[in-house]
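Q: Below is the structure I would like to discuss, written out as structure tokens.
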Amino acid sequence: MRLSLSAVEWHSGSWKFDADGVFTPGIHLISGRVGSGKTTLALLSSRLLRPDAGRVEYDGIGSRTLSFQHPEYHVTGSTLGEEAGSYGVDPSAACVRAGLAGREGEDPFRLSRGELKRFQLACILMRTWDLIILDEPFSALDCQGKLAICQSIQENRSSIVLVITHEQHILPRTDYLWEMRSGRLFGLGSLPGALSLWESAPGSVRMLREQGITPANLTRDDLMEAVCMMHG
Amino acid sequence: MIEIKDLRFRALTIPSLMIFDGTTAVIGENGSGKTTLLRLLAGLFRPESGSVKVDGVNPVPGTTGFVDEYPDRNVLFSQVADELAAPLRFRHIPCSEVDCRVKEAAATIGFGDRLNQTMDTLSGGEHVLIALLSALITCPETLVLDEFDSHLDYDSLQLADALIAGSGARTVIRCTQNMELAARCDKIVVLHHGAVLHEGRPEEVFSELEPGCCYPLSWRARR
């Protein structure tokens, strides 16, 4: 199973996106400066956007999903129950998983943004997908919510999971690191080696690099372990 | 200075809270009432009972610089230039001065040559940078920032923080889930189920929250 982007180009005015890359099962973390093309990559990879040139090919991928950066873009139902139903998941179970037990009758827009994000991610991750694309899944989540989503992401390691994020502190165990730089996709490689090449690294990784320490991976436990190494 | 007394609004109940000049972080789990509190501080909501006073008077929308957590909700106009100019035009600032200040502001985030771009072509992070500039362009005394940082990468966040620090705002209240940012503020207010659970200097508040997942990693590193 694999997702291939072959000489993909997309243009918006004078801005150009281009990407070559192959995504296989595992967790792929993609970061980059604001406006570097991360969401464009998500839309092209999910085939919601058609490239101006090149090909986006699915090999063995039967099901796919995309979680938008803004959870409010997903809302189609007037209650959480209806909303869960639109994803084909059990409303009660979705509410429990999102920490909103018993609130199936509530209007999604009465939730806080973080609660809505948790609910929308719960609905997506309760099903099995071959290709999962998560655009800023940690935005608006509290730290417990981020840890829970990391756990859910790691449970889907047999799928192709693209995690596009600016998150600075709580990240999933990552198999492969990518970076968008001014519209171009760069594959940095597997961890921990790729960490030294990461231009848009979060503050925690920068802090460790400045001390000459490379964490084994990006989970909170990995970063804590690396901090312990700072103290010998 | 902001003074809250006997405040009740929806699920939020705050008998007493003082926020002094400087930077205050409002933190707490999802649904704890952070956005509701910030909207009250910005004058976008009125208390059902009790009072919120900013420098002794009720906050008035438009006088406080405000950035919404939903990037799209900050947008009024279709073009970057109009979005930045709007707060100045609403104050009847002369057109020549508006143009000058818009160009200066745009240049600070590298948007000098993108003023004619339409807002719908910007990324989520670019949206919040423009929203921040719009909030700063009138040089407000009070800034209320609702978790805009979650849309920004590390370097853009450093840039945004420099703009805020250089804005001259006396009181900055920012909601965040980034505990490293909260740790750099003068004061932290922790909300829990619509009430203030802790308040104080970062050292005091994080000592109460340890060893939870929100304890700043950089503080563990300096031990």
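Bear in mind that the values in this text are calculations on the coordinates, not laboratory data. Source: prediction; values computed, not measured. Cβ atoms come from the backbone with ideal geometry, glycine included; neighbour counts cover every protein chain shown.
Q: Note down the net charge around B:Ser49, summing +1 for each Lys or Arg and -1 for each Asp or Glu among other residues with Cβ under 11 Å from its Cβ. Kindly include the intermediate steps, with their values, before the conclusion.
A: Numbers: positive: B:Lys5, B:Arg8, B:Arg46; negative: B:Asp6, B:Glu48.
For residues surrounding B:Ser49, the net value is +1.
Q: Now for a separate question. For segment A:191-232, what is the charge dipole size about the Cα centre, in debye to the nearest 20, if Lys and Arg each add +1 at the Cβ and Asp and Glu each add -1 at the Cβ?
A: Working: 3 positive and 5 negative charges, 14 e Å.
Taking the Cα centre of segment A:191-232 as origin, the dipole is about 60 debye.
Q: Let me ask something else. Percentage of Cα-Cα pair distances in chain A greater than 29 Å, rounded to whole percent?
A: Details: 7987 of 26796 pairs.
The calculated P(r) of chain A puts 30 percent of pairs beyond 29 Å.
Q: In a shell of Cβ-Cβ distance under 12 Å around A:Ile164, excluding A:Ile164 itself, what net charge do Lys and Arg (+1) and Asp and Glu (-1) give? Could you put the intermediate results ahead of the total?
A: Details: positive: A:Lys38; negative: A:Asp135, A:Glu136, A:Glu167, A:Glu179, B:Asp153.
My count for the surroundings of A:Ile164 gives -4.
Q: A further question on this structure: Hey, fewest Cβ within 10 Å first, where do B:Thr142, B:Thr121 land in order? It would help to have the intermediate numbers written out before the result.
A: Working: B:Thr142 23, B:Thr121 13.
The fewest-first ordering by Cβ neighbours comes to B:Thr121, B:Thr142.
Q: Compute, for segment B:27-69, the length of the dipole vector about the Cα centre, with Cβ point charges of +1 (Lys, Arg) and -1 (Asp, Glu) only. Units Debye, rounded to 20.
A: Here the size comes out at about 120 debye.
Q: When Cβ neighbours within 10 Å are restricted to other protein chains, what is their mean count per residue of peptide A:224-231? Walk me through the numbers on the way to the answer.
A: Values: counts 3, 0, 2, 7, 2, 0, 4, 4.
If you average over the peptide's residues, the count of other-chain Cβ atoms is 3.
Q: Right, another one. On C-alpha positions alone, give me the angle between the axis of helix B:124-136 and the longest principal axis of chain B, in degrees, nearest 10.
A: 90
Q: Under a point-charge model restricted to the Cβ atoms of Lys and Arg (+1) and Asp and Glu (-1), what is the dipole moment magnitude of the protein assembly as shown relative to its Cα centre, in debye to the nearest 20? It would help to have the intermediate numbers written out before the result.
A: Details: 44 positive and 58 negative charges, 19 e Å.
Dipole magnitude for the protein assembly as shown comes out near 80 debye.
Q: Pairwise over distinct Cα atoms, reciprocal of the mean inverse distance: report the Kirkwood radius of the protein assembly as shown in Å, one decimal place.
A: Values: mean 1/r = 0.0436 Å⁻¹.
Value: 23.0 Å, from the Cα pair sum.
Q: Give the distance, in whole Å, between the Cα centre of segment A:67-114 and the Cα centre of segment B:53-129.
A: Here the two parts' Cα centres lie 32 Å apart.
Q: For segment B:1-117, what does the equivalent ellipsoid look like in terms of its semi-axes, each the square root of 5 times an eigenvalue of the Cα gyration tensor, given largest first in whole Å?
A: Each semi-axis is √(5λ); the values are 33, 16, 13 Å.
Q: Moving on. Using the structure shown, list the pairs from A:Lys38/B:Lys187; A:Lys117/B:Lys34; B:Lys34/B:Lys103; A:Lys38/A:Lys117; B:Lys53/B:Lys187; B:Lys5/B:Lys187 with a Cα-Cα distance above 23 Å, or answer none.
A: Values: A:Lys38/B:Lys187 34 Å; A:Lys117/B:Lys34 16 Å; B:Lys34/B:Lys103 34 Å; A:Lys38/A:Lys117 19 Å; B:Lys53/B:Lys187 18 Å; B:Lys5/B:Lys187 19 Å.
Checking Cα-Cα distances, A:Lys38/B:Lys187; B:Lys34/B:Lys103 exceed 23 Å.
Q: While we're looking at this one, here's another question. Across peptide B:23-33, what mean number of C-beta atoms from other chains lies inside 10 Å of a residue's C-beta?
A: Details: counts 0, 0, 0, 0, 2, 2, 9, 16, 10, 3, 1.
Mean partner shielding for this stretch: 4.
Q: Using a 10 Å cut-off on Cβ to Cβ distances, tally the other chain neighbours for every residue of A:114-125 and report the average as a whole number. Intermediate values should be presented prior to the final figure.
A: Working: counts 11, 3, 2, 2, 2, 0, 0, 0, 0, 0, 0, 0.
Per-residue shielding by partner chains comes out at 2.
Q: Report ³J(HN,Hα) in whole Hz for each residue of segment A:159-176, in order, from the Karplus equation J = 6.51 cos²θ - 1.76 cosθ + 1.60 where θ = phi - 60°; Gly and Pro get x.
A: Result, rounded to whole Hz: 8, 8, 10, 9, 10, 9, 7, 9, 3, 9, 9, 10, 10, x, 4, 10, 8, 8.
Q: So what J values fall out for segment B:11-24 if you push phi through Karplus, 6.51 cos²θ - 1.76 cosθ + 1.60 with θ = phi - 60°, rounded to Hz, Gly and Pro as x?
A: With the stated coefficients, segment B:11-24 comes to 8, 8, 9, 10, x, 7, 7, 10, 10, 8, 4, x, 10, 10 Hz.
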